[in-house]
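The values are calculated or read from the model by the stated rules, or taken from the named source; none is laboratory data. Values in this document were obtained by computation on a predicted structure and should not be read as measured data. All Cβ positions, even for glycine, are placed from backbone atoms using ideal geometry, and neighbour counts span all protein chains on display.
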Amino acid sequence: MKRPLCVVGGLLAAAVFFLLLVMQAEEDSYLPDQAAITITGKICGKEEKISSFSGEKQLILYLKTENGRKVMLYLDDTEYKLPMGCTLKASGKVRNFQRSTNPGEFDSQSYYRILKIEYSLTDVKIIGIGGKENKAEEFLYKTRLYLEGLLDKVLSPEDSGVMKAILLGDKNYLTDDIKEEFKRNGIIHIIAVSGMHISIIGMSLYKLLRKIGMRISLSAVIATAIMYSYGIMCGMSTSAFRAIMMFAVHLGADIIGRTYDMLSAMALSGIILLISCPLYLKHSGFLMSFGAVIALGYVLPAMPDVFRTGRLKLLGASISIMLVTLPVSMCFYYTYPIYSVVLNLFVLPLMSSLMLLGILSIAFAAFLFPAGFVIGRGCHLIIKWFILCCLAGSSLPGNTWYAGHAEIWQVIFYLIILAAFVFIKEKTHKHAPSPDPDERRRDTLREQRFDKIRYALLVLGLFVLCLRIRPDLRITVLDVGQGDGIVIETKKSRILIDGGSTSKKNVAKYQIVPFLSYEGIGDLDAVVLTHEDEDHMSGILEMMDMMEECRSNIRIRNLILPCIDNDSKGNNYRKLEKRAEELRIPISYMKQGDEINFDKEMLFKCIGPVSGMITNEPNAYSTILLLKYGGFSALFTGDVEGTGQDNLKDYIRHHSEEFENLTLLKVAHHGSEYTTDKEFLELIKPKISLISCGVNNRYGHPHRELLDRLEEIGTRVYRTDLGGAITISLDRNRLKINSYVD
């Protein structure tokens, strides 16, 4: 059997994949948030980072408890020496990792479960420390701190943060702006300690040892031991472990005089990792790292000859890696940087030079500071070039493809097609040409026919992978905490009603934009602001800032505001108007009786406010929209109360036919007791009622009295604080309601 390890690795990955599909995930912790506990465990890791709250350095310890799981401890200050390997007893307050409550939102709970970290502990007090220190691990930790200090001496804080990430795997000092630029332009992989680092550093070390006359076996053992120690010092990510394992196999092949097979070495490292933690199959870093090797080993040889040799080989490698890792991007990131394949051609050739200059700057900083500083300028120039390339990529039109999420069946279908693309090439192309010219010509024609089939299959696979089947109408009430954020989609249009929160920071960055990316929405036909309260508009302002700073390519085509008297406009209202004007976003003002048609099937009719409404209460002038889509109808009420609610009821009495058989009501003001009164509910009698509110919010929303009123009229109630994002889908007159959190 050819490459038996690859077969075993593939079968193991497939078995783990299907087991993860059918098995229920175990809970990380049954401890409630803020519970005061005392724990004991061995210190198995530690790192320094800058606190997002205080801006000061913070020590994070990783304790390995008796059950084999880890706990993160946040220490702002400590008088104790806390060496690796020692047993620590400490008390603190439990902080569980947050589970995602919206599609597309980062799931901290799942991420840390993969890393076997159970929960974190804050307000930590050290009770006692004992046991035996692991001197080797403590030495590596102190070595990393020492090397980072040398980088700080010869480089600017910004450049030092980049080099710490590239050389030492410490991303804690990488600025958010640079990280975002690298990620958005598809070169974030350069800051991961992976195959490139191990091959450059490890092979250079191995060749140096051989050049000074050391035996092959001893050179290999020393080089492997040093690279393994380097991996531990850098945090031993899955990509680092894979690269070190493959490096060790490579040197082992040299020792016994056997041919090194890259794919078999990769399979061996993958088998070891999956046996140690099957959940790695759900880790994007694991999939990207192994996908890149599979691309180079299998897909690149199946590419046209022009991309496998000469100057275009690097481009062929980039395209091959893109073809393999595209499903990973669609399942984890939902967007794809279109120019990344080309951009990597300007970045990757300089990586070896950057790493060499970084190592030299560290070495000279320790013994000859001026020389280290001069060499550091070389690092600065290369990093500056990377940033300029990213800025150029960001400035190009259509630089981000909002692909949206791919379903599992699409990914499986695509991977089968990609495997067929490679398999057909292997079976139909002869490695040695025939000496007979006629036979060679027939072989060439035959290969060309099969190539056409292969490329047609590849196009089909890409089409299926990228296909997004949308229902006729989809309404998603996002879980933005204490606030509102409603996305309405049809096959032709995308609308956002409100977007803000008072309980979640950066709600656009962490909830709204990830959801839009998940749905493959790169343009919003309109953003409707019901009123100017912070919990309805903070995310909209944040999205505008992200547009201006190129941190997001999601574009707002129109901003729709309530039409009220100029004196009734507050500071937030005017601030939003000003930002829209600065970004050249057209502004429209809606009043009672206005209608919006984004496509033939969907109609929005404005029920409130009345034109030029005068009030000092933003809730009273909330924009109220009645949505009609065939036989489906929905009423979106913002936070309407007081005069606005009285006007709404009066309108319904005079136009009762418009509200017959109302399907959906977005309950006003997060379920406040003083809105959605009994008379109003008797007038509309919605079949479904949605409440957007934060978990354990300080206002006590939704109030018991309001819930009782809803229960009396027999409406089905869905709440974001209990079920996360709520999605209502209408397709061929079939209505489906899903809560993201079961």
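Points worth noting:
- Those strands (runs of 3 or more DSSP E) of the range 570-684 in which 1 or more residues are touching a Phe, Trp or Tyr at 6+ places or on another chain (Cβ under 6 Å), buried (at least 20 other Cβ atoms within 10 Å of the Cβ) and β-branched (Val, Ile, Thr) occupy 602-608.
- Residue that is surrounded by the fewest Cβ atoms within 10 Å (Cβ to Cβ), among those in the range 447-493 that are free of Cβ contacts under 8 Å to residues at least 60 places away in the same chain and part of a loop (DSSP other than H, G, I, E, B): 469
Yes/no matrix, rows are residues, columns are (1) in a helix (DSSP H, G or I); (2) over 30 Å from residue 107 (Cβ atoms):
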residue	(1), (2)
285	yes, no
288	yes, no
295	yes, no
313	yes, yes
318	yes, no
323	yes, no
328	yes, no
336	no, no
344	yes, no
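- Against the criterion of being over 14 Å from residue 120 (Cα atoms), at pLDDT 90 or above, part of a strand (DSSP E or B) and not small (Gly, Ala, Ser), residue 61 does not qualify.
- Unmet requirement for residue 178, which otherwise passes all of (1) within 30 Å of residue 553 (Cβ to Cβ); (2) assigned by TED's automatic domain parsing to the domain that holds residue 353; (3) in contact with a Lys or Arg (Cβ under 9 Å, 6 or more places away or on another chain); (4) not basic (Lys, Arg): (3)
- Among the residues of the range 719-735, just one is without any contact (Cβ under 8 Å) to a residue 40 or more places away in the chain and part of a strand (DSSP E or B), namely 734.
- Where residue 718 falls short, out of the listed (1) under 26 Å from residue 659 (Cα atoms); (2) of a type in the set (Phe, Trp, Tyr); (3) not assigned by TED's automatic domain parsing to the domain that holds residue 626: (3)
- Here residue 284 meets the list (1) within 19 Å of the chain's Cα centre (by Cα); (2) surrounded by 20 or more Cβ atoms within 10 Å (Cβ to Cβ) almost entirely, failing just condition (2).
- In summary, residue 142 fulfils each of the numbered conditions (1) in the same structural domain as residue 355 (by TED's automatic domain parsing); (2) free of Cβ contacts under 8 Å to residues at least 40 places away in the same chain; (3) of a type outside the set (A, V, I, L, M, F, W, C) with the single exception of condition (1).
- Extreme residue, nearest to residue 549 (Cα to Cα), among residues of the range 161-181 that are surrounded by fewer than 22 Cβ atoms within 10 Å (Cβ to Cβ) and without any contact (Cβ under 8 Å) to a residue 60 or more places away in the chain: 177
- Taken together, the residues in the range 494-505 that are within 16 Å of residue 637 (Cβ to Cβ) and without any contact (Cβ under 8 Å) to a residue 12 or more places away in the chain amount to 0.
To keep it simple, each residue is scored yes or no on (1) of a type in the set (Val, Ile, Thr); (2) part of a helix (DSSP H, G or I); (3) at pLDDT 90 or above.
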site: 118; (1), (2), (3): no, no, yes
site: 124; (1), (2), (3): yes, no, yes
site: 139; (1), (2), (3): no, yes, yes
site: 143; (1), (2), (3): yes, yes, yes
site: 147; (1), (2), (3): no, yes, yes
site: 152; (1), (2), (3): no, yes, yes
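For (1) at negative phi; (2) touching a Cys at 6+ places or on another chain (Cβ under 8 Å); (3) buried (at least 17 other Cβ atoms within 10 Å of the Cβ), each residue gets a yes or a no:
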{"position": "340", "(1), (2), (3)": "yes, no, yes"}
{"position": "347", "(1), (2), (3)": "yes, yes, yes"}
{"position": "361", "(1), (2), (3)": "yes, yes, yes"}
{"position": "377", "(1), (2), (3)": "yes, no, no"}
{"position": "380", "(1), (2), (3)": "yes, no, yes"}
{"position": "405", "(1), (2), (3)": "yes, yes, yes"}
{"position": "412", "(1), (2), (3)": "yes, no, no"}
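- Given (1) closer than 22 Å to residue 4 by Cα; (2) part of a helix (DSSP H, G or I); (3) of a type outside the set (Asp, Glu), number of the condition residue 204 does not satisfy: (1)
- Matching residues in the range 494-512 - criterion: being surrounded by fewer than 24 Cβ atoms within 10 Å (Cβ to Cβ), farther than 25 Å from residue 471 by Cβ and either in contact with a strand residue (DSSP E or B) (Cβ under 8 Å, 6 or more places away or on another chain) or polar (S, T, N, Q) (or both): 502, 503, 504, 506
- All of (1) under 26 Å from the mean Cα position of the chain (by Cα); (2) of a type outside the set (Val, Ile, Thr); (3) crowded, with 16+ Cβ neighbours inside 10 Å; (4) closer than 24 Å to residue 361 by Cβ hold for residue 184 with one exception: (4).
- Among (1) among the polar types (S, T, N, Q); (2) in contact (Cβ under 8 Å) with a residue 60 or more places away in the chain; (3) out of contact with any helix residue (DSSP H, G or I) (no Cβ under 8 Å at 6 or more places or on another chain), the one test that residue 647 misses: (2)
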